[in-house]
1. At 0.36 nm per residue, and after removing the present C-alpha to C-alpha distance, how many nm does the segment from residue 121 to residue 93 gain when stretched out fully?
2. Please report, in debye to the nearest 20, how large the charge dipole of segment 2-161 is about its Cα centre when each Lys and Arg carries +1 at its beta carbon and each Asp and Glu carries -1 there.
3. What does the C-alpha gyration tensor say about the overall shape of the chain? Classify as rounded when a/c is under 1.5, otherwise prolate if a/b is larger than b/c, or oblate.
4. In nm, give the distance between the simple-model label positions of residue 16 and residue 48, each being 7 Å from the Cα along the Cα-to-Cβ direction.
5. Sort 145, 78 so that the residue with the fewest other Cβ atoms within 10 Å of its own Cβ comes first and the one with the most comes last.
6. Can you pull out the trypsin sites (Lys or Arg not before Pro) in segment 14-85 that DSSP calls coil and that have at most 12 other Cβ atoms within 10 Å?
7. Take the alpha carbon gyration tensor of segment 36-109, find the square roots of its eigenvalues, order them as a ≥ b ≥ c, and report rounded if a/c is under 1.5; if not, report prolate when a/b exceeds b/c, else oblate.
8. So between residue 145 and residue 163, what do we pick up on full extension, going 0.36 nm a residue minus the alpha carbon distance?
Amino acid sequence: MKKNILALFFCFILIITDQITKHFASLKLMGHQDKKIIGDYLVFHYLENRGAAFGILNNQRIFFIILTLVFSLIFVIFYYKMPKTNRFFPLRLLLIVVFGGAMGNFIDRIHSGYVIDFIYVKFINFPVFNVADIYITCSCFLVAFLFLFYYKDEDWNEISQGFKPQKNS
């Protein structure tokens, strides 16, 4: 129970951090010139994103809300069904971070109808993104790394045990 409270607290901190950065972006960047952070390489540029990365699925707010709810439910179930051993701590932690990022962008979609993006890697013309996107992208990359190089077949067998129906004695 104590670990679940800590997980919720950590998730809450991630969401608040994301929302604060977006709030400051809207205050300091909306209607203003871009702010150069590292020359012409990294700039802060205000953008109201009504789609996903690269502008795909623009104005599909309901789709993104449903998608976020479905994936969030899957993450929560997976988190609670996963073995509570130290071996799976990295995976559990990354699920919290992905969930925090998803909720940060979900809040924007519900509240404003769009996600505030403001970090722009200009020299490679990368899509403008935000802190929640960093949470999601980095965590998904690390989860893939864990799947490929850290966890073994017996670990997946242990994880799958949590999803099997329990027999009543």
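1. 7.4 nm
2. Dipole magnitude for segment 2-161 comes out near 340 debye.
3. Values: a/c = 2.30, a/b = 1.97, b/c = 1.17.
The shape class here is prolate.
4. The modelled label-to-label distance comes out at 2.8 nm.
5. Fewest-to-most Cβ neighbours within 10 Å comes out as 145, 78.
6. Here the trypsin sites (Lys or Arg not before Pro) that fit, given the DSSP loop and packing criteria, are 84.
7. oblate
8. Result: 4.2 nm gained on full extension.
Read-outs throughout are calculated quantities, based only on the coordinates presented, and are distinct from any laboratory measurement. Quick caveat, the model's predicted, so the values are computed rather than measured. For neighbour counting, all protein chains shown are included, and Cβ atoms are generated from backbone atoms with ideal geometry for every residue, glycine included.
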